[in-house]
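Step one of this worksheet: look at the structure below.
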Amino acid sequence: MDQLTLAQARSWIDATASVIAENAPHLSELDQAIGDGDHGANMTRGFTAVVKKLTDGAKTDDLGGLFKLVGMTLLSSVGGASGPLYGGFFLDLGKQCAGKQTLDAQALTAVLESGLNDIKRRGKAEIGDKTMVDALTPAIEAMKAASHDVTSATRAAAETARDAATKTAPLLARKGRASYLGERSIGHEDPGANSMALLLGALAGVCHE
Ligand code: ADP
Ligand code: MG
């Protein structure tokens, strides 16, 4: 498929809410090991609030409006470190998509890369710090390398992010609560890298032909 449409973007958000809720116990278990155990609950609270706003009929005329609504809602409901990071990410997507009804693979990659840069700026995180940045960065590189249709690009992103989330285990955490553990953060996967992989997995799911 060559374009992500507004209807698919809406389905992406719904699918993310479902997959986050299903995997909440796992995300919290990961956060229990190197944080405070709330990542699953935080993310579920946020995406449940988003879906409620959408089903209550919040008006989103374009991709910009949809992502802005997601960002504002996550900002006000998720809390923790991940709330401002995911909230800022979607607000940035909203800005990039103002007035747009569709995105082709190249535009979608550029929009996600801008969102990644927002996370890095806000969190002062770089690749290798054992955060959600470690899942999203290689996923975007994979999208650039994939053939230029939305189905292949998002599939590449999802597979790469899944793999990259697993590869955060041997890393030493340099940001967020996990960094307080120092060497003891080694050997556990990062919860935020895992939630980011779920988000990209949901995107690939709705872009599947
Ligand atoms: P908290 O750590 O406040 O309890 P969460 O548990 O919801 O918040 O989210 C933790 C996740 O947030 C981490 O696994 C990591 O991926 C991400 N994170 C934390 N701090 C940063 C940061 N400075 N930059 C990027 N990501 C971060
Ligand atoms: Mg936590």
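Before moving on, here are some points about what is shown:
- The number of residues in region 35-52 being part of a loop (DSSP other than H, G, I, E, B) and either among the small types (Gly, Ala, Ser) or away from ligand 1 (no atom under 11 Å from the Cβ) (or both) comes to 2.
- Among residues of region 196-209 that are at pLDDT below 95, those with a Cβ under 6 angstrom from a residue that is hydroxyl-bearing (Ser, Thr, Tyr), sequence gap 6+ or separate chain, pair up as Glu209/Thr151.
- In region 21-30, the residue that is most open to solvent (accessible area, probe 1.4 Å) out of those that are within 16 Å of ligand 1 (Cβ to nearest atom) and over 11 Å from Ser195 (Cβ atoms) is Glu29.
- In region 85-133, residue surrounded by the most Cβ atoms within 10 Å (Cβ to Cβ) [restricted to those that are of a type in the set (Lys, Arg) and part of a helix (DSSP H, G or I)]: Lys120
- Condition check for Ala153: open to solvent by less than 20 Å² (accessible area, probe 1.4 Å) and among the small types (Gly, Ala, Ser): yes
- Single match in Thr55, Thr60 (criterion: more than 16 Å from ligand 1 (Cβ to nearest atom) and more than 29 Å from Gln106 (Cβ to Cβ)): Thr55
- Only one of Ala33, Ala15 that is open to solvent by less than 50 Å² (accessible area, probe 1.4 Å) and more than 21 Å from Phe90 (Cα to Cα): Ala33
- Residue match in region 125-145 (condition: in contact with a strand residue (DSSP E or B) (Cβ under 6 Å, 6 or more places away or on another chain) and more than 30 Å from Leu181 (Cβ to Cβ)): no
- On inspection, Ser147 qualifies as at pLDDT below 95 and either surrounded by fewer than 20 Cβ atoms within 10 Å (Cβ to Cβ) or over 24 Å from Leu66 (Cα atoms) (or both).
- All of Gly64, Gly94 fail the test of being more than 29 Å from Tyr180 (Cα to Cα) and touching a Cys at 6+ places or on another chain (Cβ under 6 Å), apart from Gly64.
- Yes/no for Ser179 being open to solvent by less than 50 Å² (accessible area, probe 1.4 Å), more than 16 Å from the chain's Cα centre (by Cα) and within 15 Å of ligand 1 (Cβ to nearest atom): yes
- Listed conditions (1) open to solvent by less than 50 Å² (accessible area, probe 1.4 Å); (2) within 16 Å of the chain's Cα centre (by Cα) are all met by Gly64, apart from (2).
- Test: residue in region 9-20 that is among the charged types (D, E, K, R), within 16 Å of ligand 1 (Cβ to nearest atom) and either modelled with pLDDT of 95 or more or more than 17 Å from Thr73 (Cβ to Cβ) (or both): no
- Matching residues in region 134-144 - criterion: being away from ligand 1 (no atom under 16 Å from the Cβ) and either under 18 Å from Trp12 (Cβ atoms) or buried (at least 18 other Cβ atoms within 10 Å of the Cβ) (or both): Ala142, Met143
- Residues that are open to solvent by less than 70 Å² (accessible area, probe 1.4 Å) and farther than 29 Å from Leu4 by Cα, drawn from region 156-176: Thr168, Ala169, Leu171, Leu172, Ala173, Lys175, Gly176
The values are calculated or read from the model by the stated rules, or taken from the named source; none is laboratory data. None of the values given here were measured: they were computed from a predicted structure. All Cβ positions, even for glycine, are placed from backbone atoms using ideal geometry, and neighbour counts span all protein chains on display. Remember, those area values only see protein heavy atoms, side chains included, never the ligands or the DNA or RNA. Shrake-Rupley method; radii C 1.70, N 1.55, O 1.52, S 1.80 Å.
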